[in-house]
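Notes follow the structure.
The values are calculated or read from the model by the stated rules, or taken from the named source; none is laboratory data. What you see is a predicted model, and the numbers here were worked out from it, not measured in a lab. Methodologically, a virtual Cβ is constructed for each residue, glycine included, from the backbone with ideal geometry; neighbour enumeration extends over all protein chains shown.
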Amino acid sequence: MYNRQLDVFLKVAELGSFSRAARALFVTPSAVIQQINTLESHFQTLLFVRTKRGVALTEAGRYLQAESQALIERNEQVLRTLRRLSGDEQQTVRLGTDILHKCRIFSEIWSDYSAVQPCQLVMTRLELGWKQYDHTDLLESVCDGEIWQKDWRFLPVCHTPLMLMCSRTHPLSGRTMLTESDLKGKTVVTICSGMSRTLDDFATAMTNIGAKVRYVSAYNYSTFNICDMQGELLQIPACWRDLYPNMVALSVPGGFALEYGLWLHPDACAAAARFWAFAGEQLENESYRARLMKRL
């Protein structure tokens, strides 16, 4: 079985920086450096040349990069086969969670499902970025065009409006609905363009009314910290408005919204697929759907 630290290695190799890799993987730079140091110690060879401008692969590092993807893919294939061959595992569903993927509606659907179909639920902590999503069957999340969503099946439950968060000490923090004049000249932080038509349209609208748009490759807790300290406005879906207590969420003009729902991995276990089908049937009932929406 391959070493999970290879996920970190590949991200550093891709981005050429410990700090950029840390942001993409939702961890701290020191955690990334520690993982790479451990990996180099394990292989007893230097994988990166460190410079003030970033890092560059050594010859050994380039070889490991070329071989890693095949190793990871083979490992995933073996794990999936083992799960299919194990009758007990077929009754275990893995739900991925992290700060951006909380269980807001899943718990209620799962409670209804497990009452008629007993099944074991395992919560999987997503700590190493989107590749870690391959080790879970289900996720609860917005539909925002992230790379992992390309192959997953999506069950929409509702739409969640886009909002802007600001520090509680920000001059706009007392507002409930921002206006175009409020936003003119302000810095709005959003996810990189090309991931979602809705997010791209939102960024364009902000630019058109005179706001300065700053793009980030991914969100993590540091994104909230930086926006809080620098007085920037952070674009979020409304379902994230409770994630960071030092900031408040404000409504914005334009009516922008993202779909929100449940995601099923393309190689999910049979038990997860049965739950998925159950959830779809329940959501055909509009009163059931409305009850779930109150949890957002």
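None of V12, V27, V32 is touching a residue at least 60 places away in the same chain (Cβ under 8 Å), closer than 24 Å to E76 by Cα, surrounded by 20 or more Cβ atoms within 10 Å (Cβ to Cβ) and not aromatic (F, W, Y) except V27.
Just for the stretch 193-204: of the residues that are of a type in the set (S, T, N, Q) and part of a helix (DSSP H, G or I), which one is farthest from the chain's Cα centre (by Cα)? Selected residue: T204. State yes or no: is Q235 among the polar types (S, T, N, Q), touching a residue at least 12 places away in the same chain (Cβ under 8 Å), closer than 19 Å to D98 by Cα and surrounded by 13 or more Cβ atoms within 10 Å (Cβ to Cβ)? Taking the combined requirement at face value, the residue satisfies it.
With respect to the conditions (1) farther than 30 Å from L264 by Cβ; (2) not in a helix (DSSP H, G or I), T207 lacks only one, and its number is (2). Each residue in the stretch 255-296 was checked for being touching a strand residue (DSSP E or B) at 6+ places or on another chain (Cβ under 8 Å), within 30 Å of S167 (Cα to Cα), surrounded by fewer than 19 Cβ atoms within 10 Å (Cβ to Cβ) and of a type outside the set (A, V, I, L, M, F, W, C), and 2 pass. Outside the structural domain of R289 (by TED's automatic domain parsing), under 23 Å from the mean Cα position of the chain (by Cα), surrounded by fewer than 17 Cβ atoms within 10 Å (Cβ to Cβ) and not acidic (D, E), is that true of S222? Taking the combined requirement at face value, the residue satisfies it. Being surrounded by fewer than 21 Cβ atoms within 10 Å (Cβ to Cβ), on the phi > 0 side of the Ramachandran plot, at pLDDT below 95 and outside the structural domain of L25 (by TED's automatic domain parsing) is not true of G210. Of the candidates T176, T169, T187, the single residue that is touching an Asp or Glu at 6+ places or on another chain (Cβ under 6 Å) and β-branched (V, I, T) is T187. In this structure, H135 does not satisfy being surrounded by 18 or more Cβ atoms within 10 Å (Cβ to Cβ) and not hydrophobic (A, V, I, L, M, F, W, C).
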